[in-house]
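Report on the following structure.
The values are calculated or read from the model by the stated rules, or taken from the named source; none is laboratory data. The structure displayed is predicted, hence computed values, not measured ones. With ideal geometry, Cβ positions are generated from the backbone for all residues, glycine too; neighbour counts draw on all protein chains shown.
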Amino acid sequence: MIGNLSVVRNEGYRVLTQELGAAGAVVFLRQLESGNGNYTEERQGLLEKNTVDTIAERIRKRNMCGSKNINHQKEV
């Protein structure tokens with residue numbers, strides 16, 4: 001078992017920068033960030049507001065508004 005986590009962390013940084021270079025190591029480490037907030041709760045809140053009917057209605061409204069702005073000239 002690994003006893004000293006700071007030694008492991010430092011060795012990991014050393015190997016990462018040796019193999020990937022400083023920029024590559026930073027890119028790799030950024031992928032490991034956990035972020036913040038609760039995606040599941042936020043997603044559920046967004047989805048609760050959008051039923052199939054409300055989405056379809058927004059599409060119909062957008063299409064109606066968009067068709068008024070189209071230039072209906074015939075191609076020559």
statement: With criteria (1) touching a helix residue (DSSP H, G or I) at 6+ places or on another chain (Cβ under 8 Å); (2) at positive phi, Gly37 comes up short on (1)
Filter result (loosely packed, with under 10 Cβ neighbours inside 10 Å and under 17 Å from the mean Cα position of the chain (by Cα)) within segment 15-32: Arg30, Gln31, Leu32
The listed residue being in a helix (DSSP H, G or I) and at pLDDT 90 or above, out of Glu42, Glu57: Glu57
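Take segment 60-76 and flag every residue that is at pLDDT below 85 and of a type in the set (A, V, I, L, M, F, W, C).
Cys65, Ile70, Val76, listed by residue number.
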message: I'm told Gly35 meets every condition in (1) over 29 Å from the mean Cα position of the chain (by Cα); (2) modelled with pLDDT under 85; (3) not acidic (Asp, Glu) except one. Can you identify the failing condition by its number?
response: (1)
